[in-house]
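The values are calculated or read from the model by the stated rules, or taken from the named source; none is laboratory data. Just so it is clear, the structure is predicted and the values come from calculations on it, not from any experiment. No Cβ is skipped: glycine too gets one built from the backbone with ideal geometry, and neighbour counts run over all protein chains shown. All accessible areas refer to the heavy atoms of the entire protein, side chains included, with ligands and DNA or RNA removed. Shrake-Rupley method; radii C 1.70, N 1.55, O 1.52, S 1.80 Å.
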Amino acid sequence: MGGHGALTIALREQDKWVSVSAFAPICNPTKVPWGEKAFKSYLGSVEAGAVHDATCLLTERTKFDDILIDQGTDDEFLIQQLNPPVFYDAAKKVGQKVTIHMRKGFDHSYHFIAAFIESHVEYHGRRLRAKLGKMRATYSTYDFSSSQGQPIACKAMIARQPREPLVEETITVDPPKAGEVR
C-alpha cells in the first residue's frame, strides 16, 4: 500500500488502528491530475473520489495523537501530485497534529523509504506500547487466594446425553489435587 492508501484507510477506519504514517502520499487526489484521471476512470467522477481523499476525509480531529508523513524534497511528484501542505492546512483547521518531515535530497524511490523506515517502525512501536500499557492498566487482577483449597461454583455448558442441546448449569469444582490446576 502506498502513502495515500495508508492515510485514507486509517482516517476512514480509526477504530482499527493505533497510529498512522505515510511516505510521500498523494494528499489531495481529487485536486491533482493523477486523481482526476483515476477517479473519472474507475469511479465515474472526481467527486466520487472524495471518500478516497485524505484531505477531504479530514473534516474533524481524529483519534490519532499525530499523523506522521515523510516526504523527499527532490520527489518529482511533490508539487503537481502529492501536495502535503494542503493536507497539513486541513489538519490545522480541525486541530489535528501532523508531523511532516521534508527530507532534503530524497526523491520518490525505494532508497527514500529504506532510509527512514526505521523511524516509522519506532513511531508505531511507541504508540502500540502505550496502548498496551493502557490496556493492561484497565484489566483488574483477581486475588485467587480467597478460594485456594476451597470448592468454587462455576457456570458451565453441559450436554447430559449425545446430541442433546447444551444447557447452562452451575457446577461445583473441587480444589485441585496434587499436580492439577484449576
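I'd like to verify a number: residues in the range 38-75 that are open to solvent by less than 30 Å² (accessible area, probe 1.4 Å) and within 12 Å of residue 12 (Cβ to Cβ), how many? Total satisfying the criteria: 4. Scan the range 44-71 for residues that are in a strand (DSSP E or B) and among the acidic types (Asp, Glu) and the total you get is 1. Just the residues that are part of a strand (DSSP E or B) and either small (Gly, Ala, Ser) or at positive phi (or both), please, taken from the range 148-177. Those that are part of a strand (DSSP E or B) and either small (Gly, Ala, Ser) or at positive phi (or both): 153, 156. When the range 5-37 is limited to residues that are touching a His at 6+ places or on another chain (Cβ under 8 Å) and either among the hydroxyl-bearing types (Ser, Thr, Tyr) or over 20 Å from residue 93 (Cβ atoms) (or both), the one that is surrounded by the fewest Cβ atoms within 10 Å (Cβ to Cβ) turns out to be 18. Among the residues of the range 90-103, those identified as over 14 Å from residue 69 (Cα atoms) and either of a type in the set (D, E, K, R) or outside any helix (DSSP H, G or I) (or both) are 92, 93, 95. The lone criterion from (1) open to solvent by 40 Å² or more (accessible area, probe 1.4 Å); (2) part of a helix (DSSP H, G or I); (3) at pLDDT 95 or above left unmet by residue 130 is number (3). In the range 107-125, the residues that are of a type in the set (A, V, I, L, M) form no Cβ pair under 6 Å with any partner that is modelled with pLDDT of 95 or more and open to solvent by 80 Å² or more (accessible area, probe 1.4 Å), whether six or more places apart or across chains. Select from the range 156-177 the residues that are within 17 Å of residue 144 (Cα to Cα) and either in contact with a strand residue (DSSP E or B) (Cβ under 7 Å, 6 or more places away or on another chain) or among the charged types (D, E, K, R) (or both) and list them in ascending order. Across the range 156-177, the qualifying residues are 172, 173, 174, 177.
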